[in-house]
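A quick write-up on the structure given underneath.
Derivation of every value follows stated rules applied to the coordinates shown; laboratory data play no part. Quick caveat: nothing in here was measured; it's all calculated off a predicted structure. Positions of Cβ are generated from backbone atoms using ideal geometry, with glycine treated the same way; all protein chains shown enter the neighbour counts.
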Amino acid sequence: MADLFDVIADPTRRELLRALLSRTEEPDGTGEASVGQLVAELGLSQPTVSKHLKTLREFQVVTVREQGQHRYYRLEPTSLEPVAEWLGAFLKPAVAADRPVGDEVEEVVRLAPVHPLTPRARTAAVRIGSTAAAVVGRLRR
C-alpha cells in the first residue's frame, strides 16, 4: 500500500497539486478546478488527470464537489501536514544553527512538533485526520 510520500512523489500529481494551489489565490475564492480545466492548463490527457485525481482523492489530498455531471476538485492542505512535520524535523537544525533559510522554511519548522510522533501514533493521527476530512467532505456535499 502506498503512503502519502509515495502519492506526492509522482511528478504529475505534484503538478496537479500546484495547479490546485494556484486556484486558492484566484478572486472567486473557491480554489476549485474541473478535470477539463486541469487538462487544458497542464496539457495532459483527460484519463491521465482523472487517474491521478482519483489517487489524490483516495488519500484525501483533494476533495471533490459534484455538480450535475461536473466534478470540481479542491486541494485539502491539512492532509499534507504530516509531510510538513517530517520536513520540519530535518530543517530545525539549520534554523537552530542560525543558518539562512527562507520564510517558508521557518514556517515549516515552526509548525513541526517538538517531539515527533512515534510511527504508531502518526498512523493513528493520519487515520483520524483522514476520517475527519472524509466526514467534512461528505458534509459539504
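Using a Förster radius of 30 Å, what is the FRET efficiency between Phe90 and Thr30 based on their Cβ-Cβ separation? Nearest 0.05, please.
FRET efficiency, Phe90 to Thr30: 0.30.
Under the simplified labelling scheme, the Ser22-Phe5 pair shows an inter-label distance of 2.9 nm, with each label point 7 Å from Cα along Cα→Cβ. Full extension of the chain between Leu42 and Thr12 yields a length gain of 9.9 nm, computed as 0.36 nm times the residue separation minus the alpha carbon distance. Checking the a/c ratio against 1.5 first, then a/b against b/c, what shape does the Cα gyration tensor give for region 4-75? It comes out rounded by the Cα gyration axes.
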